[in-house]
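Novice: If you scroll down you'll find the structure; I have some questions about it.
The values are calculated or read from the model by the stated rules, or taken from the named source; none is laboratory data. Predicted model, so just to flag it, every value in this text is computed and none were measured. Backbone-built Cβ (ideal geometry, glycine too); neighbour counts: all protein chains shown. Remember, those area values only see protein heavy atoms, side chains included, never the ligands or the DNA or RNA. Shrake-Rupley method; radii C 1.70, N 1.55, O 1.52, S 1.80 Å.
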Amino acid sequence: MAKTFTHDLVYEASLSAVGAMLMDPRFREDVCDAQGAVTKTVDMEESGGGRKVVIDQVQPAEGIPGFAKKFVGDEIQLVQTEQWSDLENAEVEVVIPGKPGQMVGTVHLVEEDGVTTETLEMVIKVNIPLVGGKIEGLIADLLRTALKAENAVGRAYLAG
């Protein structure tokens, strides 16, 4: 089984402004800080006619239920890779190195009347018998919380 996850981040800004924000390493570092990262690196490079963004961060495993914490330990390393084909579309993969699971999906930006919506659609898969589904649900909840923090940082960034 796998869990599907969709979340919208809405910004009172043009698509070009939101796209520029998403390609700013400082913004990505600020998001990691707002999400409580212990360590972080952000790398961006031109790739395949688009842009590749890699965010490697370590998060504390505080607040994670015991059944999940025994699989991840005290800290969780997350490696998020985004391959942007253009300003509006990206493929995304998030892995926890050495752990049996991943998230894959897409990001789409759409502007309407000066408001840009960033839609993240992911499939969360954890290959652990008996508890995989529970961990997938937990990851979805954690991802939703992380995206709310990202949206708050983004709104502040765009407000200047």
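Novice: Applying the selection to the stretch 66-95, what residues are closer than 21 Å to CYS32 by Cα, open to solvent by 40 Å² or more (accessible area, probe 1.4 Å) and either part of a loop (DSSP other than H, G, I, E, B) or touching a Gly at 6+ places or on another chain (Cβ under 7 Å) (or both)?
Specialist: Matches in the stretch 66-95: ASP74, GLN83.
Novice: Can GLN80 be described as in contact with a Leu (Cβ under 7 Å, 6 or more places away or on another chain), in contact (Cβ under 8 Å) with a residue 12 or more places away in the chain and within 24 Å of GLY133 (Cβ to Cβ)?
Specialist: Taking the combined requirement at face value, the residue does not satisfy it.
Novice: When the stretch 96-126 is examined, which residues are found to be touching a residue at least 24 places away in the same chain (Cβ under 8 Å), of a type in the set (Asp, Glu) and open to solvent by 20 Å² or more (accessible area, probe 1.4 Å)?
Specialist: The answer is GLU111, GLU121.
Novice: Looking at GLY63, is it surrounded by fewer than 13 Cβ atoms within 10 Å (Cβ to Cβ) and either hydroxyl-bearing (Ser, Thr, Tyr) or closer than 23 Å to THR119 by Cα (or both)?
Specialist: Taking the combined requirement at face value, the residue does not satisfy it.
Novice: Which pairs turn up if I take residues in the stretch 23-50 that are closer than 25 Å to GLY63 by Cβ and look for partners that are open to solvent by 50 Å² or more (accessible area, probe 1.4 Å) and of a type in the set (A, V, I, L, M, F, W, C) with beta carbon separation below 8 Å, at least 6 apart in sequence or on another chain?
Specialist: Taking only residues 6 or more apart or on different chains, the pairs are ALA34/ALA152.
Novice: Which of the residues belonging to the stretch 1-25 are within 13 Å of TRP84 (Cα to Cα), part of a helix (DSSP H, G or I) and either in contact with a strand residue (DSSP E or B) (Cβ under 7 Å, 6 or more places away or on another chain) or open to solvent by less than 30 Å² (accessible area, probe 1.4 Å) (or both)?
Specialist: GLY19, LEU22
Novice: Here is a further query. Tell me, please, whether a residue that is surrounded by 15 or more Cβ atoms within 10 Å (Cβ to Cβ), small (Gly, Ala, Ser), in contact with a helix residue (DSSP H, G or I) (Cβ under 9 Å, 6 or more places away or on another chain) and under 16 Å from GLN35 (Cβ atoms) can be found in the stretch 137-151.
Specialist: There is at least one residue in the stretch 137-151 that is surrounded by 15 or more Cβ atoms within 10 Å (Cβ to Cβ), small (Gly, Ala, Ser), in contact with a helix residue (DSSP H, G or I) (Cβ under 9 Å, 6 or more places away or on another chain) and under 16 Å from GLN35 (Cβ atoms).
Novice: Please determine whether any residue of the stretch 127-136 is within 16 Å of the chain's Cα centre (by Cα) and surrounded by 14 or more Cβ atoms within 10 Å (Cβ to Cβ).
Specialist: yes
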